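Worksheet for the structure shown next.
The values are calculated or read from the model by the stated rules, or taken from the named source; none is laboratory data. Owing to the predicted nature of the structure, the values given are computational and were not obtained by experimental measurement. Ideal geometry is used to build each Cβ from the backbone, glycine not excepted, and the neighbour counts take in all protein chains shown. Quick note on the areas: whole protein, heavy atoms, side chains included, nothing else; ligands and nucleic acids left out. Shrake-Rupley method; radii C 1.70, N 1.55, O 1.52, S 1.80 Å.
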Amino acid sequence: MFHRWNGRLFVLGAFTQAITGIYLTVSGRRIVGDITQHTISVLGALLIIFCAALALRYAMARDFTTHRRWALRLFLVASASWFFRLGFFLTLVVFGPVGFDPTTFSGPLLTFWSLAQYLLPLGVLELYFFAQGHPGVARRMATAGVLFVLTLTMAAGVAAVSMANWVPRVKAGLDSRKSIAQTFAATMKSSGMDAAEKEYRNLKAATPVTYKFDEDELNSLGYELLRANKFKDAIRIFQLNVEAYPKSGNTYDSLAEGYMDDGDKALAVANYEKSLQLNPKNRNAVLMLQKLNAR
């Protein structure tokens, strides 16, 4: 009984997930990625619906062997975003930020993982099914070896995602300090940039332990403004962050991006060069300088 109802709820959830994903993509509410990624996303959602329909069909026909196979396929395609995160973050750890544009979140690396998040798990599952249906010590040992290596790879991906994404968020959730970015944004909206900057400096001087003045606070706010095409305001934010963290290559990288989006090539190049000077491993700065024909 529990298995049946759990399965029905999972199929319903997967179907709802797929329909929602198609709606968000087709309606244009999905703002990141390019047309290739969006097309793959829609096809992936249709694949989820297809697997869900067949899993349900064979369950109703009481063909449980075939049902089990389609249920496993459904589980994998419905978990595609999980595989995408693991693969993408693991690639970043191994190779750095190459093969994609962090501003538009598009590029060959993201196209690859958009496809691989479905095809790689399904391919491994089909290999497992093949080994099950064709007994043989060598074949089964080879399949077990592939699964073992992929398990280790997944563990490495989980570690990468945890360190880059989840651990910082948990720490932020446990931090009792107020967000200076939220305070800054609220004052900027009500009283303007000059008043917000003045308040920022006053709070930093008077109550530095009450607010979070971490590097990522103003950096995140600056990128919000960039996405809203408020380039001048974003540059002001990034300049403040450079002032607060003058030895951080990341702050200069962000300021350079602000100047680049605002059309100031000379200052963009100068700040990317400064970022690279502080952090010679900053591959994004190298790629942006190449894009700006400065290297």
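Contact annotation: no residue pair with Cβ atoms under 6 Å, 6 or more positions apart or on different chains, pairs a residue in segment 261-286 that is in a helix (DSSP H, G or I) with a partner that is open to solvent by 60 Å² or more (accessible area, probe 1.4 Å).
For residue 179, the requirement of being in contact with a Lys or Arg (Cβ under 7 Å, 6 or more places away or on another chain) and either within 30 Å of residue 236 (Cβ to Cβ) or open to solvent by 50 Å² or more (accessible area, probe 1.4 Å) (or both) is met. Looking only at residues that are open to solvent by less than 50 Å² (accessible area, probe 1.4 Å), under 24 Å from the mean Cα position of the chain (by Cα) and among the small types (Gly, Ala, Ser) in segment 143-158, which one is farthest from residue 238 (Cα to Cα)? The qualifying residue farthest from residue 238 (Cα to Cα) is 156. Considering (1) at pLDDT below 90; (2) farther than 26 Å from residue 16 by Cβ; (3) open to solvent by less than 50 Å² (accessible area, probe 1.4 Å), the lone condition that residue 103 does not fulfil carries the number (3). The condition of being more than 25 Å from residue 290 (Cβ to Cβ) and open to solvent by 20 Å² or more (accessible area, probe 1.4 Å) holds for only one of 196, 205, that being 205. Pairs only if they're at least six apart or on different chains, beta carbon under 7 angstrom, first in segment 138-160 and touching a residue at least 24 places away in the same chain (Cβ under 8 Å), second of a type in the set (Phe, Trp, Tyr); list them, first residue then second. Note: pairs meeting the criteria are 157/89; 160/89. Look at (1) at pLDDT 90 or above; (2) open to solvent by 70 Å² or more (accessible area, probe 1.4 Å) and you find that residue 169 fails only one, number (1). Take the conditions out of contact with any Gly (no Cβ under 8 Å at 6 or more places or on another chain), touching a residue at least 60 places away in the same chain (Cβ under 8 Å) and not hydrophobic (A, V, I, L, M, F, W, C) and apply them to residue 36. Does it pass? Against the criterion (out of contact with any Gly (no Cβ under 8 Å at 6 or more places or on another chain), touching a residue at least 60 places away in the same chain (Cβ under 8 Å) and not hydrophobic (A, V, I, L, M, F, W, C)), residue 36 qualifies. Please go through segment 1-55 and pick out each residue that is among the small types (Gly, Ala, Ser), touching a Phe, Trp or Tyr at 6+ places or on another chain (Cβ under 7 Å) and not in a helix (DSSP H, G or I). Scanning segment 1-55 gives a single hit, 33. Reported count of residues in segment 277-291, each being open to solvent by 20 Å² or more (accessible area, probe 1.4 Å), over 20 Å from residue 105 (Cβ atoms) and of a type in the set (A, V, I, L, M), is 1.
Can you pull out every residue in segment 71-96 that is closer than 20 Å to residue 162 by Cα and open to solvent by 50 Å² or more (accessible area, probe 1.4 Å)? Within segment 71-96, 81, 82, 85, 93, 94, 95 qualify.
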